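All of the numbers you see were taken from the coordinates with simple rules; none came from a lab. In this text the structure is predicted, and so the values were computed from the model without any measurement. Methodologically, a virtual Cβ is constructed for each residue, glycine included, from the backbone with ideal geometry; neighbour enumeration extends over all protein chains shown.
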Amino acid sequence: MIQYKKLIKSFGTRTILKGIDLHIKAGEIVFILGTSGTGKSVLLKNTVGLMKPDSGEIWIDDENVTDFTEQEFLPVRKKCGMVFQHPALFDSLSIYENIAFGLRKHFSLPESEIKERVEQALSLVNLENVLAKRPGEISYGMQKRVSLARTVVLRPKVLLFDEPTTGLDPVTTNSVNSLIQNLSRKLNTTSMVVSHDMHCALKIADRIVVLDQGQIVEQGTPQELLRSQVPLVRDFLAEARDLL
Amino acid sequence: MSIKTVSANPFSALGHFLIVSFKDIRSFSQLVGATLVQLFAHLPRKKETFQQLYFVANGSLWTIAFCVTFASIVTILESSFHMKIVIQNDSMVPGFASVLILRELGSVVTALLLTSRVGAGMAAEIGSMKVTEQIDALKMLGINPVRFLVVPRLIASTIGCVILSIIANMVCILAAMIVADQFLGYSIGLFLTAMRRFVDFQDIIFASIKAFCFGIVIPLMSCYFGFNCKSGADGVGRATTQSVVFASVAIIVLDFILSYTFSYFY
Ligand SMILES: Nc1ncnc2c1ncn2[C@@H]1O[C@H](COP(=O)(O)OP(=O)(O)OP(=O)(O)O)[C@@H](O)[C@H]1O
Ligand SMILES: [Mg+2]
């Protein structure tokens, strides 16, 4: 489904991604873990062409998208939804318009159906009574959930989540996690989830990939990871065990 | 357009500066190219364009009128003062001041004021959209950020700058007329006669052409620095400062080039 081959990305003289080789299968939920600044967000952005790699290849659905132009990326971006680390809502639009934005752009639906889909998407992230508000009028956690709804409402085949639960309360975190799980089970959505949260990763991931300083230092199923000897992985696990 | 690491070796510092400048010029040209393509490829977004026009024109009108009034008063009083010293009379002052106002003062002061208000606002807005990933979100939803953000600002700023500079010129002339009448002893009638002798219709056209060009420069600089904004609040601050500095410099240089070109037509 998504494949990275020897992906390298630098900014100036700093190499952020140092040869990533990774294959994500259709329907899989893959968690990407790693400390701050290792290049997790950069990896996701390279996938959908928001950044260009220096070398290496990215394949999505048997298509080499590495050198795609902005125009060629349009169908790829329709297929792959991304939830950003920031809520990234459009300040000048209401919550309703923010979520309806992509629907209006990509599908020609009657207004009643748009409204229905928007409300459905909002209820998936436990939000109500915010439709008429502006992003500035709701809390950060609510903005993050709206941003999730804005991406999920388009029902993309692939979902890239950049820290979807950072800054959310435990209750909402759980519901976001089960949302990711449900999308994957019911609609066979492929998910890449960037997260710091080992606890969630162990619960819902099919596979966990640990990045450190631009390289994959460990990957495997949650069970395999629990047996890992890599120091960074053990640190992450210790954190999760404390919580258990 | 910035030197981040100042090298000890002047040649390598110069080399670095040239490389950075070249890259900036290239990506600025790419933005200009993309804007032109989007400008003619689609109808502009009406609502956004009108909102921007309102922001440009209405919000700046009083500041500009206030500032150009004083600039114009200073111009006519100073001209009179110096003419009296050098050629012992200031009979040329009404005509002289009118030409100066129309050819330089009205459009340049308007453009510089717009840069500091509208240009800075646009750069900060787009810069913060960039650092909060809103620009990326637009791209993910299949929206071209140049079409969505740059084109409406370009149209609004160009129209706004032309209208404001015409208003500024009228305010300037009016202020000069009143000062000449009250303090220098030239009646309004005399002033108008002098103006008719000195000022051509083409002066008004050239002033509008200048305003048109300045109106194009301001949003392009703002959007360029906004799009290239580095993350963090200091990134937005930096982008804003740079856009104001570079737009102001560009306006002054462009003013020189245009004045020089127009001088062939007088
Ligand atoms: N546009 C950019 N220009 C220059 N450097 C960048 C850019 N984007 C990211 N970086 C750098 O790349 C590195 C990795 O950034 P990235 O955002 O991918 O980190 P991350 O793993 O997502 O961390 P976090 O968990 O804090 O979000 C950082 O050191 C950052 O400074
Ligand atoms: Mg990140």
So for chain A, taking the charge dipole from beta-carbon charges (+1 Lys/Arg, -1 Asp/Glu), which of A:216, A:190, A:29 sits furthest toward the positive end? A:190
Please identify the trypsin sites (Lys or Arg not before Pro) of segment B:156-246 that satisfy two criteria: DSSP loop assignment and at most 12 other Cβ atoms within 10 Å. Which are they? B:230
Using a Förster distance of 51 angstrom, determine the FRET efficiency expected from the C-beta separation of residue B:23 and residue B:182, and round it to 0.05. 0.40
The Cα radius of gyration of segment A:16-138, divided by 2.2 N^0.38 Å with N its residue count, comes to 1.26
Using the count of nearby Cβ atoms within 10 Å as a rough guide to exposure, how do B:25, B:64, B:216 rank from fewest to most? B:25, B:216, B:64
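Treat segment B:199-244 as a sphere of radius equal to its Kirkwood radius over Cα pairs and apply Stokes-Einstein at 37 °C in a medium of 0.692 mPa s; give the translational diffusion coefficient in µm²/s, rounded to a whole number. Don't skip to the answer; put the middle values down first.
Numbers: Rh = 12.2 Å.
Translational diffusion coefficient: 270 µm²/s.
Between residue A:26 and residue A:93, what length comes free when the chain is fully extended (0.36 nm per residue of separation minus the Cα-Cα distance, one decimal in nm)? Mind showing how you got there, number by number?
Details: separation 67, 0.36 × 67 = 24.12 nm, distance 3.41 nm.
The span from residue A:26 to residue A:93 would gain 20.7 nm if fully extended.
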For the pair residue B:78 and residue B:241, the simple spin-label estimate (label points 7 Å beyond Cα toward Cβ) gives in nm 2.8
Treating the Cα atoms of segment B:32-265 as identical point scatterers in vacuum, please give the log10 of the normalised Debye intensity I(q)/I(0) at q = 0.09 Å⁻¹, two decimals. -0.44
Beta bridge orientation in chain A: antiparallel %, DSSP, nearest 5: 50
Hey, what did chain B get for relative contact order, percent, Cα under 8 Å, at least 6 apart? 29
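Give the residue list of trypsin sites (Lys or Arg not before Pro) in segment A:48-125 that are DSSP loop and have at most 13 other beta-carbon atoms within 10 angstrom. Numbers along the way, then the final one.
Details: sites: A:77, A:78, A:79, A:104, A:105, A:115, A:117; in loops: none.
Hits after loop and neighbour filter: nothing returned.
Give me the compactness ratio for the protein assembly as shown, meaning the Cα radius of gyration over 2.2 N^0.38 Å. Please list the in-between numbers first.
Details: Rg = 29.0 Å, N = 510, 2.2 N^0.38 = 23.5 Å.
In units of the globular-protein estimate, the protein assembly as shown measures up at 1.23.
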In debye, nearest 20, what is the charge dipole magnitude of chain A about its Cα centre with +1 on Lys and Arg Cβ and -1 on Asp and Glu Cβ, if you could check? 140
For a footprinting-style exposure proxy, rank A:54, B:181, B:255 by other Cβ within 10 Å, fewest first. A:54, B:181, B:255
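Per residue and in Å³, how big is the convex hull formed by the alpha-carbon atoms of chain A? Write down the numbers at each step before the final one.
Numbers: hull volume 31.6 nm³, N = 244.
With only Cα atoms used, chain A gives 129 Å³ per residue.
In the protein assembly as shown, what % of DSSP beta bridges are antiparallel (nearest 5)? Spell out each step's value before the answer.
Working: 20 of 39 bridges.
Of the beta bridges lying entirely in the protein assembly as shown, close to 50 percent run antiparallel.
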Rounded to the nearest 20 Debye, what is the dipole magnitude of segment A:1-122 about its Cα centre when Lys and Arg each give +1 and Asp and Glu each give -1 at the C-beta? 460
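For segment B:39-108, run through the trypsin sites (Lys or Arg not before Pro) and keep only the ones in DSSP coil with at most 16 other Cβ atoms within 10 Å of their Cβ. Display every interim value, and only then the final one.
Values: sites: B:45, B:46, B:47, B:84, B:103; in loops: B:45.
Those that pass, being in a loop and sparsely packed, are B:45.
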Distance in nm between label sites at residue B:200 and residue B:66, each 7 Å beyond Cα in the beta-carbon direction? 3.8
Cross-link reach list, lysines versus residue A:6, counting only Cα pairs under 19 Å and skipping chain neighbours closer than eight places: A:18, A:25, A:40, A:45, A:52
Ranking B:17, A:165, B:38 by how far each Cα lies towards the positive end of the charge dipole of the protein assembly as shown (+1 on Lys and Arg Cβ, -1 on Asp and Glu Cβ), the top one is B:38
Select from B:137, A:19, B:224 the residue farthest towards the positive end of the dipole of the protein assembly as shown; place +1 on Cβ of Lys and Arg, -1 on Cβ of Asp and Glu, and compute about the Cα centre. A:19
